[in-house]
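Remarks on the structure that follows.
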Amino acid sequence: MYVFVSYKHLFVANGGLVCGVSKEQLLEIFQPYGEVSNVVMVPDKPHAFISYVDVGGATRAVACAQGYDIRSSGAPGAKLHLLYVEKLPDVISPSNDGMVLPPGLILVHDIISEDYERELLAAICWEEDFSTQKAQNSLRHRQVKHFGYEFRYDNNNVDKDSPLEQPVPAACCCVLDTLRNLGHLHQEPDQLTVNQYLPGQGIPPHVDTHSAFEDQLVSLSLGSAAMMEFRRDDGRHLPVVLPRRSAIVMTGESRYLWTHGITPRKTDVVPTESGRGLTLQPRGLRTSFTFRKVRRTPCDCGYPDQCDSQRSASRVATDNTEDEALSKSNQEAAELECAHVHQVYEEIAGHFSGTRHRQWPQVAEFLASQPRGSLMLDVGSGNGKYLAGSEHLVKVGCDRSGNLNEISRRRGHEVFGCDCLRVAVRAATIDVCLSIAVIHHLSTRERRLAAIEELMRVLTPGGKALIYVWAMEQERGEQAKSSYIKKKNAREGERPGVRSGPGTTDAASVNRREPTTSCDGMVGETVTGNTGDATMRRRSTDGHPGDDGGSDEVPRKLPVHVNRTNFKHQDVLVPWHLRGGRPPPVAPGNDNDEQTPPVFHRFYHVFRQGELEALCASVSCARTVRSFHDNGNWCVVLEKTREDSPPL
């Protein structure tokens, strides 16, 4: 016989830090029902715990606050669900005093006074000149200004032979002298990038180009604190709180190996002032001053596998032909995807979401066929298109793009941020998985295989996953048509007014300002280019892959696909025009009044027939239930077999 037991501790679902709920908001909700003795905010979780001094407070809270709509308290979550728990979990909450920093990173608190902070901010004039406008055109989500040398976002480097008229402002000398006196700086920076971030804005994860700058990068945070996230390609992740008026110095490993970035969001999870827990800290208007020393000689750092200078020299010394061996560096693959997938989706999120409304029929049918009460995870949920409807399922989504996740949350969906290669979900807990138009953004066979293995890991035995990837064979006779291929006024590889390009391209042709249609058939109006150096260092892999699902190697030089035409290459860059942006300025003295915007380029590996099935066959616990072609996509339904049984 079941006996109902009440405890003074409560589990609060949808009340956690991941849901955008702060400790202060929970106290405001639960204090009216009794004296609260403790609030436990769990890092990276959507739940929290409330503890009362007696059972009566907990009982009243369950009776009155069960199903409370947290959005009425200003948080972007959903309804709270409360459960009694016998005891609170042991949660270790980090504090800034004991914060683990990446090797080589130095954090200096309160390096300047409030008066000096105001002086530095006043020294920056945001009135746009031509160079400021040109840089700004590449950054839709923050203001930027350069001094000394312009940092070019089209190739992630500087033009060392063209210094700007404005050097690093003299007002910055004092903070640089302070860092030298502390022994943290041993050079004279000659390049300064000033970024201004509104709440909710960020910067994608990146490593400053080795060949562009010397060691010792300095970043000064003014106006507001923020959380900077450092990541290694081996999966290590270290969030670091950058307090207002603090400075960090990136040297050695932290400068050359760890990516650093700021996730676009309006709050950060930070230690409380007492250091005994976590809470949310709203972001304000933040201005960062990043000081660098332009490198005049090739980089000779101790990390040759990640160094563009040393990789380039090694390639020239080994083989200077088109058939040189391709690098198998996972870091290089991650850099390509960062520049041509992650950063692009952060920039185009709003326009991209505006083109995604209707669920694809066969995906909707798959979801409708799943048992009532199944837990569904959409890996790469985008704007939450497949989290709507299917009310018989319990649905949650995850995406790499913080801006797309924010759109999903505004629509009332449950989502969290993570990479498809490392899904933050326990093994064998999900009944149904979706992976729609995600895996084709991964640049090596190894990474594509890992993404499928990750889907199988989180599925329960017997659970099913539906995978869609873009097909090399867009059409397969009358029975398999593709809405992507343009039927009228276009020949193979050509569209009206646009000359089809050669099979491969260099960085200059990537930035060719040609009107294009987005890969999903949506015509854009203004585009911002951010090609990185990927297109200059990689070449296409045009040949047919083996039956194992493609190459482990990163393509070094990528062709730019002509939209609305059949694919000629498997590894391509697909243009996207950003609706609603502004055209770039015309340089003084330029008689050409036509202002055509630059272009975003997304990386795709388009799959040949049989390639997806072969890739899935390499996963030990996956059985292919069905494979099919749907409107220009190759698709499979996988079932996770029993852990102790062989795949069928």
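Taking the criterion of being over 20 Å from Glu611 (Cα atoms) and either of a type in the set (A, V, I, L, M, F, W, C) or buried (at least 22 other Cβ atoms within 10 Å of the Cβ) (or both), the residues of the stretch 454-474 that qualify are Val458, Leu459, Gly463.
Scanning the stretch 410-422 for residues that are in contact (Cβ under 8 Å) with a residue 40 or more places away in the chain and in contact with a strand residue (DSSP E or B) (Cβ under 6 Å, 6 or more places away or on another chain), we see that the one that is farthest from Lys266 (Cα to Cα) is Cys420.
Annotation: of all residues in the stretch 381-400 being part of a loop (DSSP other than H, G, I, E, B) and in contact with a strand residue (DSSP E or B) (Cβ under 7 Å, 6 or more places away or on another chain), the one that is surrounded by the most Cβ atoms within 10 Å (Cβ to Cβ) is Ser381.
In the stretch 163-256, which strands (runs of 3 or more DSSP E) lie fully inside it and hold 3 or more residues that are open to solvent by 20 Å² or more (accessible area, probe 1.4 Å)?
203-206, 237-242
Selection of the stretch 6-29 for residues being over 27 Å from Ser408 (Cβ atoms) and of a type in the set (A, V, I, L, M, F, W, C) yields Leu10, Leu27.
Residue count for the stretch 1-41 under the criterion of being in contact (Cβ under 8 Å) with a residue 60 or more places away in the chain, in a helix (DSSP H, G or I) and open to solvent by 40 Å² or more (accessible area, probe 1.4 Å): the result is 3.
The C-beta contact set for the stretch 347-376 (first residue open to solvent by 30 Å² or more (accessible area, probe 1.4 Å), second residue part of a loop (DSSP other than H, G, I, E, B), distance under 6 angstrom, 6+ apart or interchain) comprises Arg356/Asn383; Arg372/His392. Restricting the stretch 105-122 to residues that are within 16 Å of Ala225 (Cα to Cα) and assigned to a helix (DSSP H, G or I) leaves a set whose member that is least open to solvent (accessible area, probe 1.4 Å) is Glu117.
Taken over the stretch 78-101, the criterion of being in a loop (DSSP other than H, G, I, E, B), modelled with pLDDT of 55 or more and either on the phi > 0 side of the Ramachandran plot or touching a Gly at 6+ places or on another chain (Cβ under 9 Å) (or both) is satisfied by Ala78, Leu80, Val91.
The values are calculated or read from the model by the stated rules, or taken from the named source; none is laboratory data. Values in this document were obtained by computation on a predicted structure and should not be read as measured data. Every residue, glycine as well, gets a Cβ built from its backbone with ideal geometry; the counts of neighbours run over all protein chains shown. These area figures cover heavy atoms from the full protein model, side chains too; ligands, DNA and RNA do not enter into them. Shrake-Rupley method; radii C 1.70, N 1.55, O 1.52, S 1.80 Å.
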